[in-house]
Amino acid sequence: MLENVLYAILAILGLGVLVFIHELGHYWIARRQGMRIEAFAIGFGKPILSWEFQGVKWHICCLPFGGYVKIAGMQKEGTKEPHDIPDGFYGKRPWQRIQVALAGPLVNIVFAFACFVTLWLLGGRQKPFSDFTHRIGWVDPKSELYQKGVRPGDVIQNYDGKPFHGFKDLLMAGILNEKAIRITGYKVDYSTGEHIPFDYTLPTYELPNAHARDKMHTIGVLSPASFLMYDETRPLSQGSPMYGSGLLPQDRLLWIDGEVAFSVPQMTSLINESTSFLTVQRGNQIFHTKVARVPMEDLKLSLPEKGEFDDWQHEAHISGKLQDLHFIPYMLSPDCKVEGSLAFIDEEDRAKALEKCQRCSYFTPLEEDDQILAIDGVAVTSSYELLSRLQTRRVLVIVERSPQPLASLSWNRSDLQFDDFSPKNLDAIISSIGTSHPVQHAGHLFLLKPVIPRSFLDYPFTAEQKKQIDEHAASYRKYLDSIQDPDQRLEAARQWEKQQKRAILGIPLIDRKVTYNPSPLEQFGGVFEDTWRALFGLFSGYLNPKYLSGPVGIVHIVHNSWMVGTREALYWLAVISLNLGLLNLLPIPVLDGGHILFSVWEAITRRPIRSKTMERLIIPFVGLLIAFFIYVTYQDIARLFSHFF
């Protein structure tokens, strides 16, 4: 708690410094141009500390957001027009006024560049691999992109004709509500290393069941790839399914039930599949395949088939009703040899169970006379043994284990190192699963003991975790009550129930860190481009203002960056400083850019603008600025209270 308060104070002080140097730029140039400075204030509202120095009243005010330098002649003094006050702002030549107005934003821009230089000299920042990868972590199964065969692990190279820099590009497109996005890249077969180029232009769509307040648009890429590393700072509890599996600190979950693992959403999907990993012999060939675990109640059994299953249930000592059990959609002989397919009550259930899996490494439909040798790596010799083991979902996991502490990766080479594991070693382990000569490890790869996932509802969370979960549930119930459309409310409730019933492995995961250290010019240019895109989107109507951050949001960002480290805080102060400088250059009357516009107009027309005219121009914009300030502050506060959704 005390640490949070300290970081909040540091965040406010950091923003205060940015405002101070901005106003100091105005102050310094104004004095050099012979203008009379009346007051210098940091913050707004009632002063909590004041003093006078060199004829200037200095104030530190109670609201630490913003600040101002009050220069004489910025408004009428009695009957005098501003341009009639010799040592006032408008009493000076237009070029002198432009210098004063430019000084504040330029100081912020120079400060931002200096921060980027400092970061570069310090060696850059430590960032998650997922921030910079070109690899896809998860694809919406209902998207057009998925239908075109793009899967986790595939690579995006270009985005709308520009080099793809990371998931942020697609996120920005979603915020700007772009109607269509063109992506090029290649699909990857991780068993053979084959690359298949693709070039798709896809319409964006509103992501269903997105956060309550922020309906995002997407083409179907929902997550970037990441390293799934066991976080050694959070030991496994004895109730975790991974406890006793052989998992060690810093192990990377590399392969899960037939698929190379690329993200947490993909991992969640894999462990929540109702499938089993079978070792099968067909003639002289042994192969592996994933087969659906089907509820017996979905099957249309003949009397002889039902009698066979009743016998197997009895031999396996399984209590309960047969219809409550699971089996594979094939009829077997007593010694686990395939005799044919089982019939389904509903054709949709049959199609789903036997659906052809696109780009699955281990998917081969069973044929008559196929001999099942093992299920989830455990040998079976009879169908009742198979029936028994099919009642429990088990997950096979292969991890990559480094023999020495992991070195930091460079951001521009991290994608190459993501798949530097040996496909040969991976195949050596997988091909031996369920055979008479299993290979438990090859090179740096290790096969863990089969893991039995646990339901989220049944997981033994700590008291603190349960409290957070209860708070989350209460917040979500309020969100459900706020949805007006009954169909949307019902769908959101279904998704919530599905989330609550999902299976989990109970393992704390972190992404691998990479060193991000581009040149100062690259960092400056990247932030400048992001700012320009946001401004263009805002003024063109493509960007909803609710995505912008006001003072509360900015403090929250800087506060969080301090929690990460000094370099991260320095980066965000640079970003905010650059944004502060650029925004103040906008030709809006109430901003520095407005004063520059007035001065340029006067230089062209050679006639000063009367104070009445300036008031008519400035006052509406002051009202708009205050309204905008209130709006973004409301959005900031609402975001803080709705981050659970």
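For the chain, give the magnitude of the charge dipole about the Cα centre (Cβ charges: +1 Lys/Arg, -1 Asp/Glu; no others), in debye to the nearest 20. Walk me through the numbers on the way to the answer.
Numbers: 65 positive and 70 negative charges, 694 e Å.
Computed charge dipole of the chain: roughly 3340 debye.
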Expressed in nanometres to one decimal, the distance between label points 7 Å along Cα→Cβ at Asp324 and Tyr186 is 5.3 nm
For the stretch 333-349, just list the computed ³J(HN,Hα) in residue order, Karplus coefficients 6.51, -1.76 and 1.60, θ = phi - 60°, integers in Hz, with x standing in for Gly and Pro. 7, x, 9, 6, 9, 5, 10, x, 8, 8, 7, 10, 5, 10, 5, 5, 5
Cysteines having no other Cys beta carbon under 4.7 Å from their own, within the chain: Cys61, Cys62, Cys115, Cys336
10 Å binning of all Cα-Cα separations within the stretch 135-225, expressed as whole percents from 0 upward: 17, 54, 24, 4, 0
Between the Cα axis of helix 303-315 and the main Cα principal axis of the chain, the angle (0 to 90°, nearest 10) is 80 degrees
Karplus-derived 3J(HN,Hα) from phi for the stretch 377-394 (6.51 cos²θ - 1.76 cosθ + 1.60, θ = phi - 60°), whole Hz, x at Gly and Pro, runs x, 10, 5, 10, 10, 9, 5, 6, 5, 4, 4, 4, 6, 6, 6, 10, 6, 10
Towards the positive end of the charge dipole of the stretch 359-445, with charges on Cβ (+1 Lys, Arg; -1 Asp, Glu), say which of Ile398, His441, Ser410 has the farthest Cα. Ser410
The stretch 282-403 - percent relative contact order, Cα under 8 Å, separation 6 or more: 32 percent
Which of the lysines could a cross-linker bridge to Lys498, judged by Cα under 24 Å and excluding same-chain residues fewer than eight apart? Lys142, Lys215, Lys290, Lys352, Lys466, Lys467, Lys478
Setting aside same-chain residues fewer than 8 positions from Lys612, which lysines have a Cα under 21 Å from its Cα? Lys70, Lys76, Lys80, Lys92
Which GluC sites (Glu not before Pro) in the stretch 311-407 pass both tests, a DSSP loop state and at most 16 other beta-carbon atoms within 10 Å? Glu355, Glu367, Glu368
Remind me, relative contact order of the stretch 337-441 in percent, using alpha carbon pairs under 8 angstrom and six or more residues apart? 27 percent
Ranking Pro152, Phe167, Tyr200 by how far each Cα lies towards the positive end of the charge dipole of the stretch 135-225 (+1 on Lys and Arg Cβ, -1 on Asp and Glu Cβ), the top one is Phe167
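Give me the dipole magnitude in Debye, nearest 20, for the stretch 560-614 about the Cα centre, with unit charges on the beta carbon: positive for Lys and Arg, negative for Asp and Glu.
Using Cβ point charges on Lys, Arg, Asp and Glu, the stretch 560-614 gives about 340 debye.
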Quick check on the exposure proxy: order Trp95, Trp496 from fewest to most C-beta atoms within 10 angstrom. Trp95, Trp496
At a Cα cut-off below 27 Å, give the lysines reachable from Lys513, other chains included and same-chain residues fewer than 8 away excluded. Lys127, Lys162, Lys168, Lys187, Lys424
Ranking of Thr218, Thr279, Thr566 by count of other Cβ atoms within 10 Å, fewest first: Thr566, Thr218, Thr279
I want the antiparallel fraction of DSSP beta bridges within the stretch 14-90, as a percent rounded to 5. 75 percent
What percent does the relative contact order of the chain come to when contacts are Cα pairs within less than 8 Å and at least six residues apart? 17 percent
Sequence of Ser402, Ser599 once ranked by neighbouring C-beta atoms within 10 Å, starting from the fewest: Ser402, Ser599
Read-out Cα extents along the principal axes in Å, candidates (1) 122, 55, 51; (2) 108, 54, 49; (3) 83, 54, 52; calculated match is (2)
Counting only helical runs of four or more DSSP H residues, what would the 222 nm mean residue ellipticity of the chain come to if each run contributes -39,500 (n - 2.57) and the total is spread over all its residues? -13000 deg cm²/dmol
Rounded to the nearest 5, the percent of antiparallel DSSP beta bridges in the chain equals 95 percent
For the stretch 135-225, give the magnitude of the charge dipole about the Cα centre (Cβ charges: +1 Lys/Arg, -1 Asp/Glu; no others), in debye to the nearest 20. 160 debye
Karplus 3J(HN,Hα) series, Hz, for the stretch 132-148 with 6.51 cos²θ - 1.76 cosθ + 1.60 (x for Gly, Pro): 10, 5, 9, 7, 7, x, 7, 10, 4, x, 8, 8, 5, 4, 5, 5, 7
Taking H placed 1.01 Å from N in the peptide plane, check which residues at least 5 places from Phe327 or on another chain put their amide H under 5 Å from its amide H. Val294, Met296
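Where a number appears in this text, it was derived from the coordinates with a stated rule and is not lab data. Keep in mind the model is a prediction, meaning the values are calculated, not measured. Using ideal geometry, Cβ is built from the backbone for each residue, glycine included, and neighbour counts are taken over all protein chains shown.
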